[in-house]
Amino acid sequence: MTDLNGGQEYFALRVKGDSMNAARICDGDLIIVCKQDVVENGQIAVVMVDGDDATVKRFRQDGNTVTLIPQSYNPAHAPQIYNLKETPIKVIGKVVKVEYTIDGQML
């Protein structure tokens, strides 16, 4: 964390899977994430579901209901809907940049 980045913390994650390929976030891409506990509805976030692996989805919360929305050309991906009273959901951060790759090489 430095003054150069406005005091924000950032980290990078390598994307696995095709659930966000329609948002131009593809398997193997590197995403830059601003660490924060809260995101606005509609923003793309890194979210921990039930203490399991992190997922990258479009975030929406309405009361105690959280919907994680994929943006994929693959019809196998559907919105994931969680009741916060039953399943712990933790926002890790907001995706602020995508470093695109082809065959593991940065573009």
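The values are calculated or read from the model by the stated rules, or taken from the named source; none is laboratory data. Computed from a predicted model, the values in this text were never measured in an experiment. As a convention, Cβ positions derive from the backbone with ideal geometry for all residues, glycine included, and neighbour counts pool all protein chains shown. Surface areas here come from the heavy atoms of the whole protein model, side chains and all, with no ligands, DNA or RNA. Shrake-Rupley method; radii C 1.70, N 1.55, O 1.52, S 1.80 Å.
Quick look at the numbers
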item: Pair residue 85, residue 61: separation of 7 Å Cα→Cβ label points (nm); result: 1.7 nm
item: Extension gain (nm, one decimal) between residue 73 and residue 43, 0.36 nm per residue minus Cα-Cα; result: 8.9 nm
item: Relative contact order [Cα under 8 Å, 6+ residues apart], the chain, whole percent; result: 30 percent
item: Whole-Å distance, taken between Cα centres, linking region 9-40 and region 57-107; result: 8 Å
item: For region 65-104: rounded, prolate or oblate by the Cα gyration tensor [a/c cutoff 1.5]; result: oblate
item: Cα-based Lys proximity count in the chain, under 15 Å, for pairs eight or more positions apart or on separate chains; result: 7
item: Per DSSP, loop GluC sites (Glu not before Pro) in region 1-101 with at most 10 further Cβ within 10 Å; result: 40, 86
item: Carbon and sulfur %, accessible surface of the chain computed with the full protein complex present, 1.4 Å; result: 49 percent
item: Region 6-88 - accessible surface per residue (Å², probe 1.4 Å); result: 59 Å²
item: Area accessible to solvent at residue 65, 1.4 Å probe radius, in Å²; result: 60 Å²
item: Extension gain, residue 27 back to residue 12 (0.36 nm per residue minus Cα-Cα distance, nm); result: 4.0 nm
item: Where only C-alpha atoms are counted, convex hull volume of the chain per residue in Å³; result: 110 Å³
item: Rounded to the nearest 10 Å², the accessible area of residue 60 at probe 1.4 Å; result: 110 Å²
